[in-house]
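S.K.: Would you mind keeping the following structure in view while I ask a few things?
The values are calculated or read from the model by the stated rules, or taken from the named source; none is laboratory data. Not measured: the values here are computed from a predicted model. Ideal geometry is used to build each Cβ from the backbone, glycine not excepted, and the neighbour counts take in all protein chains shown.
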Amino acid sequence: MFSFTLRRFWNKWKSYRHRFVPWVVLNLSKNEKTLRQVSEPSKDKLVPDEEVSATLLKLFRVLLRGHGVNREIRAGHPVCAQDAMLQCLGFCIDRRPSSLPSAGTGVFVTRGFVPRGVTVAMYPGAVYQPYEPILLQSIRNPFVFRCIDGVLVDGNDKGISKVLFRSCSGRDRMGPFLMSDTSWLTDCPLNPLAVGQYVNNCSNDRPANVCYQEYDVPDKFPVELRRFLPNVNYSQDAGRPVRCVVLVSLRDIHAGEELFSNYYTIVH
């Protein structure tokens, strides 16, 4: 009985410790190769927002043509999405069992070639401002991503996080136009980029080949293409742009390689 309780506690601790600040601080020096360091927040962006927008628009337009402007878009079209990705971006990514022991699911380049400095994936989820409540959603949730400015993105596709995302997405709908994509909550996301929450942390012998970059969706982003955005604001605020987090390649990545990122970025 005691060993069972201890084992359950240990499993929960392994999930929670990466959000326990004292543990993070004490363990930073043990794995310095897994840290990403920038001199100031503005230096955290490797690719201009304009290039990120251009990549997303190119892919989303092909996805829209494949499904029709006025047609309801549902999950279950992985072939179309993957083909669109290969056609537009020159590569495909997908979730598969990670090459790291006990790391669960990972994200791999399955076809094509990823050049350095391009958008490879998106981190989906509901977006919370630093002052908004996320305690219940964060319990046993390893998918809460913290941006440099304190904004949080809940990339969990199960439980209360899933329910809240669907609710917020339905709330923001403008007539026939969806403002966000809920298909990332399924096994077959319509937007094939929206699997970034499953990218595993790098290790001392598996260096990072992608990094996170914050991207605020501009007001001029076409309303008919917003249905492919895998992010939604937790609170309805017409004056605040939707925060997205994209993953950008740090080097050339070939088919068969797993994507690894730096979970921790230190700003000096």
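S.K.: Could you list, ordered by first residue, the pairs with Cβ atoms under 6 Å in which the first is in the range 241-254 and surrounded by 14 or more Cβ atoms within 10 Å (Cβ to Cβ) and of a type in the set (D, E, K, R) and the second is at pLDDT 95 or above and in a strand (DSSP E or B), at least 6 apart or interchain?
M.R.: Arg243/Val127; Arg243/Asp216
S.K.: Here is a follow-up. Suppose the filter is basic (Lys, Arg), modelled with pLDDT of 95 or more and within 14 Å of the chain's Cα centre (by Cα); does Arg243 pass it?
M.R.: So Arg243 fits the description; yes.
S.K.: Please tell me if Met85 is surrounded by 22 or more Cβ atoms within 10 Å (Cβ to Cβ) and closer than 24 Å to Arg227 by Cβ.
M.R.: When the stated conditions are applied, Met85 passes them.
S.K.: Just one of (1) in contact with a Cys (Cβ under 6 Å, 6 or more places away or on another chain); (2) modelled with pLDDT under 95 trips up Pro207, so point out which.
M.R.: Of the numbered conditions (1) in contact with a Cys (Cβ under 6 Å, 6 or more places away or on another chain); (2) modelled with pLDDT under 95, the odd one out for Pro207 is (1).
A quick yes/no check of all residues on (1) under 23 Å from Glu50 (Cα atoms); (2) among the hydrophobic types (A, V, I, L, M, F, W, C); (3) surrounded by 21 or more Cβ atoms within 10 Å (Cβ to Cβ):
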residue: Arg96; (1), (2), (3): no, no, no
residue: Pro101; (1), (2), (3): no, no, no
residue: Gly112; (1), (2), (3): no, no, no
residue: Pro124; (1), (2), (3): yes, no, yes
residue: Tyr128; (1), (2), (3): no, no, yes
residue: Asp149; (1), (2), (3): yes, no, no
residue: Cys168; (1), (2), (3): no, yes, no
residue: Gly175; (1), (2), (3): no, no, no
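S.K.: Ok, one more. Taking the range 225-238 on its own, how many of its residues are within 24 Å of Pro48 (Cβ to Cβ) and out of contact with any Gly (no Cβ under 7 Å at 6 or more places or on another chain)?
M.R.: Matching residues across the range 225-238 total 6.
S.K.: Another question, then. Which of the numbered conditions does Asp187 fail, given that it passes all the others? Conditions: (1) within 21 Å of Val144 (Cβ to Cβ); (2) touching a residue at least 60 places away in the same chain (Cβ under 8 Å); (3) loosely packed, with under 13 Cβ neighbours inside 10 Å; (4) charged (D, E, K, R).
M.R.: (1)
S.K.: Quick check on this structure: which one of Arg140, Arg171, Arg166 is over 17 Å from the mean Cα position of the chain (by Cα), of a type in the set (Lys, Arg) and farther than 19 Å from Tyr198 by Cβ?
M.R.: Arg171
S.K.: Then there is this: Which one is farthest from Val153 (Cα to Cα), of the residues in the range 246-265 that are modelled with pLDDT under 95 and part of a loop (DSSP other than H, G, I, E, B)?
M.R.: Applying the filter and picking the extreme gives Asn262.
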